[in-house]
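This report concerns only the one structure given below.
The values are calculated or read from the model by the stated rules, or taken from the named source; none is laboratory data. Because the structure is predicted, anything quoted here is derived from the model rather than measured. Methodologically, a virtual Cβ is constructed for each residue, glycine included, from the backbone with ideal geometry; neighbour enumeration extends over all protein chains shown. Ligands, DNA and RNA are excluded from the accessible area calculation, which covers all protein heavy atoms including side chains. Shrake-Rupley method; radii C 1.70, N 1.55, O 1.52, S 1.80 Å.
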Amino acid sequence: ANAPGADDNATGVAFLLEAARLLANHQTKPVMFVFFDSEEQGLWGSNYFVNQLSAAGIYPEFNFTVDMIGGFDSQPDDLTSIMEYQRNEPSSLNKASRTLGTELLSFLYVFGRLTSRRQFIPCSDFVPFMEKGIPALGLIEGHFNKNPNYHNDRDTFENMNTDYYYKVCRGALA
């Protein structure tokens, strides 16, 4: 499809670039900022990356995936979704992810003034991490499946909700 990708997923890329800039001189542990491709084709990039990490004996403490977070001009509210993936609940892996998700929900509310919900979505780039036993979660706009610009030629900057995007970034970067 001819989709320019301003929201899906240039918004996630811009978020990660800004996070890297802000954390550059404030990290106490190593942090990897990784950008994946071919999510919609079957999580090819994230699957490949996780398999390479495993082969090298590298197991990150956590994965935080930022998917489309730019919103759209006619969205009904400021809802965000924390994407989680259940594996044989309850498990220590799910518990770690839920704990981090609870913190993110707080940050999104306090610093972004956003209403957020947990949503169990098994089809985003955080999933391969969970499947390898690495706690993970993702962040996505709350109404992505109702976004009239999703995966089409209207996925441009002009059709994003920049106020919403600012709130999501502010909350998630806290």
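Within the same chain, aspartates and glutamates fewer than 8 places from Lys167 are excluded, and of the rest, those with a Cα less than 19 Å from its Cα are Asp7, Asp8, Glu18, Asp67, Asp73, Asp77, Asp78, Glu103, Glu141, Glu158.
Considering all different alpha carbon pairs of the chain, the Kirkwood hydrodynamic radius works out to 16.5 Å.
Couplings 3J(HN,Hα) of region 127-139, computed from phi: 4, x, 5, 4, 5, 9, x, 9, x, 7, 7, x, 10 Hz, in residue order, whole Hz [Karplus 6.51 cos²θ - 1.76 cosθ + 1.60, θ = phi - 60°; x for Gly and Pro]. Under a 10 Å cutoff between Cα atoms, tell me which one of Leu104, Leu23, Leu43 has the largest fluctuation in the Gaussian network model of the chain. The residue that fluctuates most here is Leu23. Which residue, chosen from Trp44, Leu105, Val66, occupies the Cα position most advanced towards the positive end of the dipole of the chain, where the dipole is computed from +1 (Lys, Arg) and -1 (Asp, Glu) charges on Cβ about the Cα centre? Checking the options against the dipole of the chain, the answer is Leu105. Placing unit charges on the Cβ atoms of the charged side chains and taking the dipole of region 1-116 about its Cα centre, the candidate lying farthest along the positive direction among Gly57, Leu114, Phe35 is Gly57. When a 1.4 Å probe is rolled over the protein heavy atoms, the share of accessible surface on the chain that falls to carbon and sulfur comes to 54 percent. For the set Leu139, Leu22, solvent exposure ranked by accessible area (probe 1.4 Å, protein chains only) runs largest to smallest as Leu22, Leu139.
Between the listed residues Asn161, Asn25, Pro76, the Cα displaced farthest toward the positive end of the dipole of the chain, a dipole computed from Cβ unit charges relative to the Cα centre, is found at Asn25. In this simple spin-label model, placing a label point 7 Å from the Cα along the Cα-to-Cβ direction at both Asp37 and Phe111 gives a separation of 3.1 nm. In a simple Cβ point-charge model (Lys, Arg +1; Asp, Glu -1; nothing else charged), region 34-115 has a dipole of about 360 debye relative to its Cα centre. Rg and Dmax of region 77-174, both derived from C-alpha coordinates alone, stand at 14.3, 43 Å. Would you look at the GNM of the chain, springs on alpha carbons closer than 10 Å, and say which of His26, His143, His151 moves the most? Among His26, His143, His151, the largest GNM mean-square fluctuation belongs to His26. Hydrodynamic analysis of region 2-64 uses the Kirkwood radius over alpha carbon pairs. Inserted into Stokes-Einstein at 20 °C and 1.002 mPa s, it gives a translational diffusion coefficient of 159 µm²/s. Under a GNM of the chain (C-alpha, springs under 10 Å), which listed residue has the highest mean-square fluctuation: Gln27, Gln119, Gln75? Looking only at Gln27, Gln119, Gln75, the largest GNM fluctuation is found for Gln27.
Put Cys169, Cys123 in order of accessible area, highest first, and with a 1.4 Å probe you get Cys123, Cys169. Rounded to the nearest 20, the size of the Cβ-charge dipole of the chain about its Cα centre is 700 debye, with Lys and Arg at +1 and Asp and Glu at -1. Here is the list for region 14-64: chymotrypsin sites (Phe, Trp or Tyr not before Pro) lying in DSSP coil, each with at most 16 other C-beta atoms within 10 angstrom of its C-beta, are Phe33, Phe35, Phe62. The calculated 222 nm mean residue ellipticity attributable to helices in the chain amounts to -11500 deg cm²/dmol, summing -39500 (n - 2.57) over DSSP H runs of n ≥ 4 and dividing by all residues. Derived scalar couplings between HN and Hα for region 166-171 equal 4, 5, 4, 4, 4, x Hz in order, rounded to whole Hz, by the Karplus curve 6.51 cos²θ - 1.76 cosθ + 1.60 (θ = phi - 60°), x for Gly and Pro. Label reach from Leu173 (point 7 Å along Cα→C-beta): in region 108-124, amide nitrogens under 19 Å belong to 108-115.
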